[in-house]
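Data block below; observations after.
The values are calculated or read from the model by the stated rules, or taken from the named source; none is laboratory data. Model, not experiment: these values are computed from the prediction. As a convention, Cβ positions derive from the backbone with ideal geometry for all residues, glycine included, and neighbour counts pool all protein chains shown. Ligands, DNA and RNA are stripped out before the accessible areas are found, and what is left, the full protein with its side chains, is counted by its heavy atoms. Shrake-Rupley method; radii C 1.70, N 1.55, O 1.52, S 1.80 Å.
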Amino acid sequence: MSPSSPHLPRYAGLDGLRAIAVGLVLIYHLFPGLGLPSGLVGVDVFFVVSGFLITSLMLRPTRHPLRHRLLDFWRRRARRLLPALALMLTVCATVAWLIGGDVLVGIGRQLLGASTFSYNWVALAGGSDYFAATEPELFRNVWSLAVEEQFYLLWPLLLPLLLVVLRVRWALVAFAVAAAGASAWWMSVLVSTGSVTRAYFGTDSHAFGLLLGIALAFGIRRMPEQEWMLRPSARAGGVLLGVLGVGAIVAAALKPSEHTGAGFPGTLLLASAGTVLAVFAGVMPGSWFGRAIDVQPLRWIGDRSYGIYLWHWPVLVLVSAASGLGVSAQVAGVPVWAGCTALVLSVAAAAVSFRVVETPLRRLGFRRSLRAVRVRFARGPVSRLAMATSALAAVLALGGTTAAVASAPPMTTSEMAIRAGQEALKKVVPTPAPTTPAAISGTDVTAVGDSVMLASAPALQQQFPGIEVDAKVSRSVWAGPRIIDALEDSGNLREHVVVALGTNGSVDEDVLQKIADTVGRNRDLVLVNAYAPRDWIPGVNRDLQSFAAGRLGVVVADWAGAIAPHEDLLAGDRIHPGDAGGRIFAEVVEKGIRDAEAERAARPRITPEPVQ
């Protein structure tokens with residue numbers, strides 16, 4: 001995220017806002033149980049602050065030519081951003097190599113995207129899904145840094161041209177606001193087509209925060225300081241405005257999480273608008289709000305927010321992998337001890353990086369820093385040993401990074417389980433006759449599910465030869481009625497209907513009722529509950545049990561209860577079963593069908609009335 005710098009104007013309130021932003025992100029990732037389901041909006045707070053701060057810097061009057069200003073700007077950005085990023089990437093990649101396994105998958109591609117500030121586009125090109133859980137992506141959080149860096153590269157080139165074409169301040173504000181609206185509209189279009197990750201990662205579709213910050217910078221440009229601005233009533237109004245802005249940010253963070261992207265861009269826009277109000281309240285002349293929000297320790301955290309943000313996600317993934325908690329793209333249900341461990345390590349690493357690496361390089365630059373190292377080598381044996389130790393650590397980190405790339409497996413264990421299921425469904429399996437009269441024939445079973453069912457497809461085919469399995473990655477319960485209706489219309493809906501669609505989001509009673517209505521009383525409906533380290537799973541299982549309890553012909557198959565004692569049979573994400581886990585899934589489905597048959601046999605027979 002955009003850090004502060006001694007070369008940038010020091011505006012009151014911005015460090016405090018950075019602290020709030022990074023705090024929201026930390027709670028969202030490290031402590032999901034604290035109730036900030038949309039804490040990811042902290043990223044949008046950073047975007048607004050970056051757009052405002054960088055544009056304000058570029059608008060400052062200077063006698064230097066444009067070329068000199070551009071080169072100086074980019075050089076200072078490199079000093080501030082690159083050292084901390086390089087340190088984090090090499091250290092975390094080396095630790096990942098020592099841990100091994102799923103955490104190494106795709107690390108070469110991730111390092112390429114992170115080091116070239118193109119992570120968002122590299123991830124999209126590689127088919128990354130921000131809202132899936134089949135790939136850990138150790139450095140996923142640097143996607144937002146890539147968006148900001150692309151802004152830092154392009155905006156200084158466009159701004160001079162814009163100042164020539166649009167000379168009036170309010171014309172510049174209107175242009176930035178219109179561009180922000182266009183970006184938000186484009187995000188909504190992409191979300192409506194199902195491209196949620198593209199909408200969230202895209203620089204074009206997620207630029208509205210940066211553009212709103214730019215609009216604010218244009219709006220207060222050369223704004224004269226009036227006497228009324230320093231009156232107590234105006235300052236009190238500024239405090240109220242700032243509190244309202246922070247309240248909007250917190251309200252956005254508290255909004256229920258929309259894993260399908262249905263809350264985009266509304267939730268993100270709410271946080272961005274709140275940030276604009278808070279920044280304006282902070283930079284007003286004589287602002288009380290700005291001084292209040294910059295109080296320690298918020299200012300200390302704000303100064304180091306860039307490093308804290310950089311370290312927190314890789315450290316969480318590494319802690320989860322090393323402790324056997326499982327690795328997933330969304331680490332939900334993080335134990336408190338793991339979140340606390342990641343928090344302490346991240347803040348400590350950011351503090352050391354800020355003091356030892358970032359501050360010296362920011363003040364001295366790369367060349368003068370190298371000269372300072374040579375001077376310290378000549379001071380004496382103690383200083384020389386310290387420098388030699390640092391150099392050795394750097395060499396080891398680079399070697400570990402290289403080893404991590406070379407030893408990375410091609411896919412995670414969860415992806416391998418899903419791939420095996422996909423391959424099983426492609427094969428034409430002959431349907432043998434049941435071995436015993438009591439055996440359940442697969443030709444009587446229709447199964448509709450998500451990636452958990454897909455990973456279990458080989459076991460289902462073995463347990464129920466001839467079964468029809470329709471399973472897909474990232475499928476939610478909302479797709480269920482359409483699929484069941486299509487099978488019914490084509491005459492392919494069988495006697496036993498198994499539905500496992502609870503992994504990827506909450507369930508809805510009306511949607512379940514539509515499925516049950518199509519299945520009808522002449523068939524059995526088996527709802528398989530869910531097991532995953534995601535915060536909505538307990539609610540899903542309660543809702544499924546409640547729905548089945550009040551309806552004849554509907555039963556719940558307890559996958560969660562059956563697999564909980566056998567987490568070692570799941571992939572590294574603690575969601576998708578391997579071969580042995582798939583067999584447990586198939587056994588759970590069989591028990592569910594048996595329970596449904598027993599319930600059907602116990603139903604009172606309804607004899608139609610004779611026609612008079």
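Taking the criterion of being touching a helix residue (DSSP H, G or I) at 6+ places or on another chain (Cβ under 7 Å) and among the aliphatic types (A, V, I, L, M), the residues of segment 142-161 that qualify are VAL142, ALA146, VAL147, LEU159. When ALA176 is tested against (1) at pLDDT below 90; (2) open to solvent by less than 10 Å² (accessible area, probe 1.4 Å), only condition (1) is not met. Just one of (1) out of contact with any Ser or Thr (no Cβ under 6 Å at 6 or more places or on another chain); (2) assigned to a loop (DSSP other than H, G, I, E, B); (3) touching a residue at least 60 places away in the same chain (Cβ under 8 Å); (4) crowded, with 22+ Cβ neighbours inside 10 Å fails for ASP535. It is (4). For segment 127-143, indicate whether the set of residues that are β-branched (Val, Ile, Thr) and touching a Gly at 6+ places or on another chain (Cβ under 6 Å) is non-empty. No, the conditions are met nowhere in segment 127-143. Meeting the requirement of 3 or more residues that are more than 28 Å from SER205 (Cα to Cα) and basic (Lys, Arg), no helices (runs of 4 or more DSSP H) wholly within segment 67-171 can be named. The residues listed here are SER546, SER506; of these, the one that is open to solvent by 60 Å² or more (accessible area, probe 1.4 Å), out of contact with any Lys or Arg (no Cβ under 8 Å at 6 or more places or on another chain) and not in a loop (DSSP other than H, G, I, E, B) is SER546. Taking the numbered list (1) under 16 Å from ALA459 (Cα atoms); (2) surrounded by fewer than 22 Cβ atoms within 10 Å (Cβ to Cβ); (3) at pLDDT below 95 in turn, ILE584 passes all entries but (3). Restricting attention to segment 275-291 and to residues that are free of Cβ contacts under 8 Å to residues at least 60 places away in the same chain and either among the small types (Gly, Ala, Ser) or in a helix (DSSP H, G or I) (or both), the residue that is most open to solvent (accessible area, probe 1.4 Å) turns out to be TRP288.
Evaluating VAL91 against the criteria (1) open to solvent by less than 30 Å² (accessible area, probe 1.4 Å); (2) among the β-branched types (Val, Ile, Thr); (3) closer than 23 Å to PRO360 by Cα leaves one unmet condition, (1). Could you tell me whether any residue of segment 30-37 is in contact with a Gly (Cβ under 8 Å, 6 or more places away or on another chain), closer than 15 Å to LEU210 by Cβ and either at pLDDT 90 or above or part of a loop (DSSP other than H, G, I, E, B) (or both)? Checked against the condition, which is being in contact with a Gly (Cβ under 8 Å, 6 or more places away or on another chain), closer than 15 Å to LEU210 by Cβ and either at pLDDT 90 or above or part of a loop (DSSP other than H, G, I, E, B) (or both), segment 30-37 yields no hits at all. Residues that are free of Cβ contacts under 8 Å to residues at least 40 places away in the same chain and open to solvent by less than 60 Å² (accessible area, probe 1.4 Å) were ranked within segment 568-581; the one that is nearest to THR503 (Cα to Cα) is LEU569. Looking across segment 296-339 at every residue that is modelled with pLDDT of 90 or more and among the β-branched types (Val, Ile, Thr), the one that is farthest from PHE47 (Cα to Cα) is identified as VAL319. Here PRO481 fits the description: over 13 Å from ASP450 (Cβ atoms), touching a residue at least 12 places away in the same chain (Cβ under 8 Å) and more than 21 Å from the chain's Cα centre (by Cα). Of all residues in segment 140-156, those that are farther than 24 Å from SER128 by Cα have Cβ atoms under 8 Å from Cβ atoms of residues that are charged (D, E, K, R), 6 or more apart or on another chain, in TYR152/ARG77; PRO156/ARG69. Among residues of segment 192-206 being assigned to a helix (DSSP H, G or I), open to solvent by less than 20 Å² (accessible area, probe 1.4 Å) and not small (Gly, Ala, Ser), the one that is farthest from TRP143 (Cα to Cα) is VAL196. Residue-level check: of (1) in contact (Cβ under 8 Å) with a residue 12 or more places away in the chain; (2) under 20 Å from VAL334 (Cα atoms); (3) open to solvent by 10 Å² or more (accessible area, probe 1.4 Å); (4) assigned to a helix (DSSP H, G or I), ILE563 misses just (3). Summed over segment 41-66, the residues that are open to solvent by 40 Å² or more (accessible area, probe 1.4 Å) and in a helix (DSSP H, G or I) give a count of 1. Residues considered: THR94, THR90, THR55, THR62. Of these, the only one that is free of Cβ contacts under 8 Å to residues at least 12 places away in the same chain, of a type in the set (S, T, N, Q) and touching a helix residue (DSSP H, G or I) at 6+ places or on another chain (Cβ under 9 Å) is THR62.
Residues that are open to solvent by 20 Å² or more (accessible area, probe 1.4 Å) and touching a helix residue (DSSP H, G or I) at 6+ places or on another chain (Cβ under 6 Å) within segment 479-500 comprise ASP485, GLU488, ARG494, GLU495, listed in sequence order. Filtered by the rule that a residue be in contact (Cβ under 8 Å) with a residue 24 or more places away in the chain, open to solvent by 30 Å² or more (accessible area, probe 1.4 Å) and closer than 18 Å to GLU137 by Cα, segment 395-407 gives VAL405, SER407.
Give the residues of segment 223-246 that are open to solvent by 70 Å² or more (accessible area, probe 1.4 Å) and modelled with pLDDT of 90 or more, sorted by residue number. Those that are open to solvent by 70 Å² or more (accessible area, probe 1.4 Å) and modelled with pLDDT of 90 or more: LEU240, VAL243, LEU244.
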